[in-house]
Each structure stands twice: as C-alpha cells, then as structure tokens.
1. Return the pair list, or none, for Cβ contacts closer than 6 Å from residues in the range 206-217 that are surrounded by 21 or more Cβ atoms within 10 Å (Cβ to Cβ) to residues that are at pLDDT 95 or above and acidic (Asp, Glu), at least 6 apart or on different chains.
2. Quick check on this structure: which one of LEU142, LEU127 is modelled with pLDDT of 85 or more and buried (at least 19 other Cβ atoms within 10 Å of the Cβ)?
3. Only one residue in VAL163, VAL200, VAL187, VAL146 is touching a residue at least 40 places away in the same chain (Cβ under 8 Å), among the hydrophobic types (A, V, I, L, M, F, W, C) and under 24 Å from GLU272 (Cβ atoms). Which one?
4. If the Cβ limit is 7 Å and pairs must be 6+ apart or interchain, which residue in the range 330-341 that is modelled with pLDDT of 95 or more pairs with which residue that is assigned to a helix (DSSP H, G or I) and open to solvent by 20 Å² or more (accessible area, probe 1.4 Å)?
5. On the basis of being within 24 Å of SER253 (Cβ to Cβ) and out of contact with any Gly (no Cβ under 9 Å at 6 or more places or on another chain), does LEU345 make the cut?
6. Within the range 2-40, can you find the residues that are within 24 Å of ARG257 (Cα to Cα), modelled with pLDDT of 80 or more and in a loop (DSSP other than H, G, I, E, B)?
7. Could we say that GLY432 is surrounded by 12 or more Cβ atoms within 10 Å (Cβ to Cβ), within 28 Å of CYS59 (Cβ to Cβ), modelled with pLDDT under 95 and not aromatic (Phe, Trp, Tyr) here?
8. Name every residue in the range 260-276 that is in contact with a strand residue (DSSP E or B) (Cβ under 6 Å, 6 or more places away or on another chain) and modelled with pLDDT under 90, in order of residue number.
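The values are calculated or read from the model by the stated rules, or taken from the named source; none is laboratory data. Quick caveat, the model's predicted, so the values are computed rather than measured. As a convention, Cβ positions derive from the backbone with ideal geometry for all residues, glycine included, and neighbour counts pool all protein chains shown. Heads up: the accessible areas ignore ligands, DNA and RNA and are worked out on the full protein's heavy atoms, side chains in. Shrake-Rupley method; radii C 1.70, N 1.55, O 1.52, S 1.80 Å.
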Amino acid sequence: MSWYFTSTINSHENTNKPHVDINFSDKNSSDLSISRNWMEYIEFQSIPGGPGAYDVLRCDLIKQKNSPTKYKVWGQEYHLQRLENSYKELVNHLLRSSSSSLPSQSQSSFANQAEQCNLDNVSKSALAKAHEQSDAIITALLSEMVQHEQSHIQYEAYNHTIVCEIIRVTLLWTPMLEKSTNNYVIVVRGHASTSSQIMVPQQIPTSITTTLALPNHTLTKGGQAQGPVGASILLDDLPDRHISPHAKISSWSSERRPLEKKETFMPDGVGEVLLLREKNSSISSSTNTINFEVLEGMTSNFFAIYIDGTLRTAPDGVLLGYVRHLVLECAPACGLKIDDREIDLEDGKNGLWKETFITSSSRLIYPIEKILIPEYDNDCNDCNDDKSSESCGLNWKVFWEESHQQPKVDSPDNDVKDKKWYQLLNEILKRGGY
C-alpha cells in the first residue's frame, strides 16, 4: 500500500485555500501514487478528463540539526511559466484538431474565429487565476507533507548535519469547455508523492545506463546507405511529443509506454531512453551512413561534454528543462564553454564525447556510464513492418562507454570529483542553498 496527496480547484472557484486529500493505492501497475498513472487515470476516467498540460517540481523537505523541518521548491516560477506555455499549446492544438474535423466549407469560417477563440479561451484572467491556484495547491500539499513526514525525516537526521527527502509535486491543468459561454475553464489539479528515501544533498548519484531509441526497420540493400550499425531512418514509427517539443502534455505519459518495455528499449538495468532525430543532411557522402542527432531522454535532457572542453545539449526540438537551464548557467563557472550546435550521434561513435549525463527536475544530474544501441538479428533485415522486436530478437551493443582512469589513492571518491558533471551538480546545489 502506498500513499499520496491530491488537490483540485476549478478556475471559476474563488477559494485559494484548496482542500487536500490523502489517498492510498495498491502497489501495482496502476498505482496512483505514481504521478504518470494518476495523470493517465484523469485523462481516461475522470470528469473532466482528456489530456492536460502538466509540470513536475522537485521539492526538498530539509532537516538540519536543532532546526524545524522546512521545504524548498526548485524553480517554482520557471515551472509555472512553462506550464502556462504548455497549456496554450494544448488549447491551440485542440482548436486545430477541431478545425481539421470540420467539412472543408466550414474550415475557413472556423479559421476566422480561431484567433478570437484563442483570446477568449486562454484569457489572461483565467491564466492568472490558474497561477494563483497552483501556488496555493503547492503550499497546501507541501504543508501536509511536512506534517506527514516530519517524524520520519527527524529520525533519519540524527546522524547527519543536514538531510533531505525529495517530494515530487505534479501540477496538471486540464481545459474544460463550458458550453454556456464557449470558453475553456482551467481545472487545476495537484499530486504529491515521495519515495520516503532520506538522502544527504551532496550524495554522489549512481551512474546509469541508457539506450538509443532506434526502431527495427532497416534500409533496403542495393547501394542505399546503411544506418549506424544498421539502424533505421523511420523514426516516425516511434512515439514523440507531437503537439510541441517545448510543451509538457499528459498524454505523453501513456504514448511513451511502448518505448519502456523490456522487449523494446528498456531492458533490465536501463535508466533512460534517448530519443534521436534524423539530421537534415542525413546521408553522409564520405561514409555512406545515416546521420542522427541526440535530442533528449523521455523525461530528461541529454548533455555531452566533448574532449575539447565544450558542452552541448540539443538546441531545439526538446523540452527546455529547468535543470537544463541551470546547467547552462553554471557551465562557465565550471570551466566549460557552451557549444550551440546539435549533438551528432557519430561524435560518440568517434570518441569525441568525454562525459555524458542527463538532467531532470527531480533528479538534477545523473551521469551516464554506458549507452547501448539496438542490434537486430540478420534475419530481420528483410522483415515486414508489422514484425515486432520480440520476434526479431532485439539485442544490445555498447555504443559509448565512459572511460575510467586509474583511481587516485589519495581521494576517497576516486576521480569522481574531477568530473565536470560532478562540478556542475555541486554548483547547482550551492545555488539551491546547500
């Protein structure tokens, strides 16, 4: 049995003191203490349902010796502004979808009304109210969390100067059309949960293994280019955040599930799946291979530190994450020069990446130890498009691996503290007050 807190306010309600419910859920595949399951439940089973715009905030419950338990919210203003932008993208998408479903003779008249609909449906007053109510929900959820977890974190803090417990607060804005006014009302919901794991803020994170999301459709033979290690150019077959790469839409939680199966791109021991995009000049004239760029993880941003001391992350086509923003701000202080170019997948193959890591609001920075790329059985070269990876025998090959130097005998953490990702993490924690 697991527990979580929720709260809901409609934007037409005047209350700024939201009621908070504590909920219990069985530990199974539909465990609603997991925020993505909760969002899927709302989308498909709640009223009002449907997709919504969402954002996830990291909130630290902090306990120092001889001090009361307090909490810190990372980037609240940044997250709420991104949530507003995502909501606007969602409403515009709904308007476009409604327009395309109309008969051709009606589409022009709908288009004439679309601009006014945008102004009415995403009014400044409704957005301001949603901001205000989101702030109130965050405060209410975290106040309950402090009361609920206080004794637990106080006990764990006995042997440390300072400890923290990470709370994931998810805000969900769902548009609900009021037929009487033909305007969208914003239903603001909040969800808060924790793993109840107590940690020291400067604790070194464990390195993870990631995979590259390349589907099982190889190019035909007969002189045409072959992808890197025989990979696909048909990336459209994979789920993506189709509404806008800059928007966080709740439907992505369910749409990405095909990528997370053990039989596809998340075998045991894998912590994240990296999404790719075929480059504009996709066929290399010198090597006759398909070129790809690395975009992001399913719930994270991806960074590569090159051997020349430059730092790269995808400049477009990705979610502009809060910790991504912090890393780019902190990079100069850590001796890194930002390179605005895309991350070429072939650069990793050619040994140009020195370090790689992912960032997310809840995890801050996780270093990558190994990147795997799928290999399919030779028999799959001519398989039909409807043949799944299970029947094609999906295997994995190391594409990139962090090089390990001889550990320093006089350093308790080996060479970790010399890593740029570690220096970036420490700089971010300093800015967070640790």
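1. Within 6 Å, the pairs are THR210/GLU272.
2. Result: LEU142 is the single residue among LEU142, LEU127 that is modelled with pLDDT of 85 or more and buried (at least 19 other Cβ atoms within 10 Å of the Cβ).
3. The unique qualifying residue is VAL200.
4. CYS330/GLU427; ALA333/GLU427; CYS334/LYS420; CYS334/GLN423; CYS334/GLU427; LEU336/LYS420; ILE338/LEU328
5. Working: within 24 Å of SER253 (Cβ to Cβ): no; out of contact with any Gly (no Cβ under 9 Å at 6 or more places or on another chain): yes.
No; evaluated as a whole, the condition is false for this residue.
6. The answer is ASP31, LEU32, SER33, ILE34.
7. So GLY432 fits the description; yes.
8. Across the range 260-276, there are no qualifying residues.
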